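**Student:** The structure follows.
The values are calculated or read from the model by the stated rules, or taken from the named source; none is laboratory data. What you see is a predicted model; the values in this text were computed from it and never measured. Cβ sites come from the backbone with ideal geometry, for glycine too, and all protein chains shown count toward neighbours. The protein model used for the area step is the full one, side chains on, heavy atoms only, and it has no ligands, DNA or RNA in it. Shrake-Rupley method; radii C 1.70, N 1.55, O 1.52, S 1.80 Å.
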Amino acid sequence: MFAYEYFWSMRTLLSLALAVLWLSLSNAEARLVIAANGKARVVLYTQKGASPAEFRAAKELQASLKLLTGAEFTLLETASAPPKGSILIGPGPAAQACFPDIALDRFGDEEFIMLVRGGRLLLAGGKPRGTLYAVSRFLQTQAQIRWWSPWASTIPKRPDFAIRSISIHEKPVFESRDTFWFSAFDGPWAMRHFANGQSARLTEELGGAIRYKGFVHTFNYLVPPEKYFATHPEWYSLINGQRTCTNAQLCLSNPQLRDFAVEQVKAWLKESPDARILSVSQNDCHGFCTCPECKAIDDAEGSHAGTMLQFVNYVAAKIAPEFPRVAIDTLAYQYTRKAPKTMRPLPNVIVRLCSIECNFALPLSDPSNASFAQDIKDWARICPRLYVWDYTTDFSHYIQPHPNYFSLGPNVRFFATNSVRGLFEQGAYQSTGGEMAELKAWVLAQLMFNPKQDDRKLIREFLEGYYGVPAAKPIAEYLELMAQAARGYNLHCFSGLDAPFLKWPTLCEAEKLWQRAEEAAKNNPEYLWRVKFSHLPVRYVWLNRWTALREECEKAKGTWPLPASRKSVASEWLAVATGPGPAGWSKVTHLNESGLTPETFIARFAQDPGK
Ligand SMILES: [Zn+2]
């Protein structure tokens with residue numbers, strides 16, 4: 001009996017010991033020490049035949065690992081399997097020799113893998129951008145590096161840096177991703193945040209971009225009225241019984257015009273062999289054609305998208321044999337926003353639906369945006385390549401508070417669930433200085449890569465990383481305050497100075513929160529500059545509404561939260577807006593889309609108002 005029990009307990013112990021040994025062996029296999037005590041423990045390898053983007057990815061990894069660990073990493077080129085203790089960057093013969101089961105040559109252009117096996121880390125993807133994305137994703141998820149803006153990053157110090165087993169195979173959720181905010185145009189920042197829109201300065205070594213020919217509103221460029229209206233008035237809209245080219249579109253049912261447009265499009269494509277998308281889209285006005293032929297189509301389709309789509313499909317079908325890799329893009333914008341009843345976009349047609357009329361204080365799924373939600377569902381049903389042009393700023397006052405912070409995440413998710421494949425997020429694109437611009441750009445870029453991320457968590461992470469933990473709290477309260485104050489208001493992208501969330505006592509509370517944030521950041525000059533710069537939007541409202549707010553303050557028997565002199569507040573404001581600032585930052589030049597400069601704005605406040 002005793003011997004039997006002893007035998008069994010020894011057997012259990014032995015198998016337990018074997019299991020532990022196996023686990024530690026497999027962990028040793030799966031774990032990779034990258035640096036120890038500030039010394040490199042791996043060698044980096046590019047592959048023979050690496051593209052400029054893949055070579056850049058390797059350099060990016062080498063430089064970032066040095067900042068992270070303090071170690072110098074050797075970067076070599078190889079054509080055969082390197083020994084254990086290596087990081088292979090990019091696809092190629094060495095990667096294939098080490099990981100023969102991974103068909104890297106079949107990866108899509110933005111698809112990538114991060115894999116630790118056999119003492120080696122593979123960071124590789126399809127051409128042109130996959131490998132860059134593998135490295136960026138690795139640095140963000142494994143090293144916790146953050147690039148908040150071109151002038152602000154968080155790079156932890158990790159002289160001992162090891163990674164556990166990882167096996168991640170990903171690609172961005174949207175096929176086209178354009179964070180159209182000024183700071184997001186910085187090439188390295190855009191590459192690190194998976195942008196592929198042409199507005200960012202994405203050179204070939206940064207992975208390049210999806211090139212458009214004629215980005216938007218192209219009718220007048222395709223068929224210039226100054227050249228053709230005199231001889232072909234019938235190509236232009238019939239409005240109130242007159243052919244016109246003023247605030248007008250084209251007569252899209254005209255067969256001769258359609259063939260002319262096909263020839264123009266072909267000529268444009270020959271001029272721009274890089275272009276993958278060509279825009280055939282309405283001018284930025286109304287003025288659709290009301291001739292009997294156009295009207296009959298639009299009436300039958302229940303939308304002016306009827307004539308538009310018939311025209312665009314015609315062009316797309318004609319160019320397809322000669323330009324099989326090019327798509328024709330058009331807008332579903334203002335008068336064409338509603339989907340047609342029976343017409344269907346061809347597979348090489350992209351429809352860009354525009355959210356310009358929406359209320360951005362609340363998500364697009366809110367009942368206040370029901371008509372847009374219906375339109376997106378209708379388009380999603382018929383359009384295999386649906387893109388969205390979304391609006392994330394206030395064009396009348398880029399710098400004025402625009403409390404859409406908590407709609408950004410739900411909206412990007414809303415687009416993803418409605419089968420949207422491309423996203424253009426238009427923000428304050430002409431200079432720095434848009435309200436919470438860096439936060440909005442970073443959160444949008446993160447969500448365009450993966451819309452399932454928790455946007456509230458991303459916002460908190462940004463606030464703590466960019467402004468420092470102590471200042472993050474009052475700034476988070478500011479975001480809540482403004483978002484609450486904007487509830488019930490239709491927050492479109494052209495708010496005035498009299499928006500209800502810009503009145504006493506909201507402004508007073510907002511001002512105090514920014515003052516608290518400045519106080520909290522006062523011992524860290526980097527954080528303090530960022531807080532002061534982000535405080536400008538609230539001060540912009542104070543300056544604009546000084547006298548009215550004074551009266552509101554007196555009526556409320558409140559305490560004035562600012563210095564008494566408007567002139568001194570104004571000159572302090574200008575000093576922050578126009579520099580000096582950190583490396584990578586550029587001074588504010590545009591306070592709105594029409595080009596109001598900080599200097600012109602501040603000149604209004606050269607004198608203090610009389611009592
Ligand atoms: Zn017509």
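**Student:** Mind running the shape call on segment 453-492? Use the C-alpha gyration tensor, a ≥ b ≥ c as the square roots of the eigenvalues: rounded below 1.5 for a/c, prolate if a/b tops b/c, oblate otherwise.
**Tutor:** oblate
**Student:** Okay, moving on. For segment 43-108, what is the relative contact order in percent, using Cα pairs closer than 8 Å and at least 6 residues apart in sequence?
**Tutor:** Result for segment 43-108 is 41 percent.
**Student:** Still on this structure: Which value in nm describes the separation of the simple spin-label points at Asn240 and Thr154, placed 7 Å from the Cα toward the beta carbon?
**Tutor:** So the label points at Asn240 and Thr154 sit 5.9 nm apart.
**Student:** Could you sort 388-399, 137-148 so that the peptide with the highest average Cβ count within 10 Å comes first and the rest follow in order?
**Tutor:** Highest to lowest by the protection proxy: 388-399, 137-148.
**Student:** Now, a different point. For segment 448-524, what is the relative contact order in percent, using Cα pairs closer than 8 Å and at least 6 residues apart in sequence? Mind showing how you got there, number by number?
**Tutor:** On the way: 45 pairs, mean separation 30.3, N = 77.
Rounded, it is 39 percent for segment 448-524.
**Student:** For the residue pair Lys557 and Leu67, what label-to-label distance in nm results when each label sits 7 Å from Cα along the Cα-to-beta-carbon direction?
**Tutor:** Going by the 7 Å Cα→Cβ label model, 5.4 nm.
**Student:** Ok, one more. What translational diffusion coefficient, to the nearest whole µm²/s, does segment 87-239 have by Stokes-Einstein, given a Kirkwood radius computed over alpha-carbon pairs, a temperature of 25 °C and 0.890 mPa s viscosity? Display every interim value, and only then the final one.
**Tutor:** Numbers: Rh = 18.2 Å.
My calculation gives 135 µm²/s for D.
**Student:** How far apart, in nanometres, would the label points at Thr578 and Glu263 be if each is projected 7 angstrom from Cα along the Cα-to-Cβ direction?
**Tutor:** Each label point lies 7 Å from its Cα, and together they span 5.3 nm.
**Student:** Next up: So for the chain, averaging the separation of alpha carbon pairs under 8 Å that are six or more residues apart and normalising by length, what relative contact order in percent results? List each step's numbers first, then the result.
**Tutor:** Working: 1186 pairs, mean separation 64.4, N = 611.
Over the chain, the number comes to 11 percent.
**Student:** Let me ask something else. Under 19 Å from the 7 Å Cα→Cβ point of Ala36, by amide nitrogen: which residues of segment 68-86?
**Tutor:** 69-74, 83-86
**Student:** Tell me, what is the 1.4 Å probe accessible area of His590, in Å² to the nearest 10?
**Tutor:** Rounded to the nearest 10, the figure is 50 Å².
**Student:** Is the shape of segment 244-304 best called rounded, prolate or oblate, per the rule: a/c under 1.5 gives rounded, else a/b larger than b/c gives prolate, else oblate, with a ≥ b ≥ c the square roots of the Cα gyration tensor eigenvalues?
**Tutor:** Because a/c hits 1.5 or more and a/b exceeds b/c, segment 244-304 counts as prolate.
**Student:** Let me ask something else about it. For Ile382 and Asp274, what does the FRET efficiency come to when R0 = 30 Å and r is the distance between their Cβ atoms, rounded to the nearest 0.05?
**Tutor:** FRET efficiency, Ile382 to Asp274: 0.55.
**Student:** For a Förster distance of 30 Å, can you work out the FRET efficiency between the beta-carbons of Thr600 and Glu226, rounded to the nearest 0.05?
**Tutor:** Once rounded, the FRET efficiency stands at 0.40.
**Student:** Here's something else I'd like to know. Could you tell me the calculated FRET efficiency between Ala162 and Ala300, based on Cβ-Cβ distance and R0 = 60 angstrom, to the nearest 0.05?
**Tutor:** 0.35
**Student:** Ok, one more. How would Cys294, Cys285 line up by accessible area, probe 1.4 Å, largest first? Each step should come with its number before you reach the end.
**Tutor:** Details: Cys294 5, Cys285 25 Å².
Greatest to least solvent exposure: Cys285, Cys294.
**Student:** Once you have the Cα-Cα distance between Glu357 and Asn450, take 0.36 nm times their residue separation minus that, and quote the gain in nm to one decimal.
**Tutor:** Working it through step by step, the gained length comes to 30.9 nm.
**Student:** Which shape class applies to segment 418-464: rounded if a/c is under 1.5, otherwise prolate when a/b exceeds b/c and oblate if not, where a ≥ b ≥ c are the square roots of the Cα gyration tensor eigenvalues?
**Tutor:** Taking the square roots of the gyration eigenvalues as a ≥ b ≥ c, segment 418-464 is oblate.
**Student:** Using a 1.4 angstrom probe on the protein heavy atoms only, line up Tyr221, Tyr527, Tyr212 by accessible area, largest first. Mind dumping the intermediate values first?
**Tutor:** On the way: Tyr221 150, Tyr527 65, Tyr212 35 Å².
I get Tyr221, Tyr527, Tyr212, largest accessible area first.
**Student:** To continue, here is another question. How much accessible surface does His492 have with a 1.4 Å probe, in Å² rounded to 10?
**Tutor:** The value for His492 is about 60 Å².
**Student:** Moving on to the next point. Beyond 17 Å, what share of the Cα-Cα pairs of segment 26-155 is found? Please give it as a whole percent.
**Tutor:** Percentage above 17 Å: 55.
**Student:** Which of the DSSP-defined H helices in the chain satisfy a minimum axial length of 15 Å, computed from C-alpha atoms, and a minimum mean Kyte-Doolittle hydropathy of 1.0?
**Tutor:** On the way: long enough: 2-30 (41 Å, 0.83); 52-69 (25 Å, -0.04); 130-141 (16 Å, 0.37); 255-271 (25 Å, -0.58); 305-319 (21 Å, 0.90); 370-382 (19 Å, -0.26); 437-449 (18 Å, 1.07); 455-467 (17 Å, -0.88); 469-485 (24 Å, 0.49); 506-520 (21 Å, -0.80); 525-544 (28 Å, -0.24); 566-577 (16 Å, 0.27).
For the chain, where a helix must reach 15 Å along its axis and average at least 1.0, the hits are 437-449.
**Student:** Now a separate question. Need the C-alpha centroid separation for segment 249-284 versus segment 428-448, integer Å.
**Tutor:** What the calculation gives is 33 Å, centre to centre.
**Student:** Under 12 Å from the Cβ of Thr578, count the other residues' Cβ atoms, weight Lys and Arg +1, Asp and Glu -1, and hand me the total.
**Tutor:** Net local charge, Thr578 excluded: -1.
**Student:** Would you tell me the accessible area of Thr547, worked out with a 1.4 angstrom probe on the heavy atoms of the protein chains, in Å² to the nearest 10?
**Tutor:** About 70 Å², rounded to the nearest 10.
**Student:** Same structure again: Any idea what log10 I(q)/I(0) is at q = 0.08, 0.09, 0.13 Å⁻¹ for the chain, Debye with uniform C-alpha scatterers and no solvent?
**Tutor:** -0.69, -0.84, -1.34
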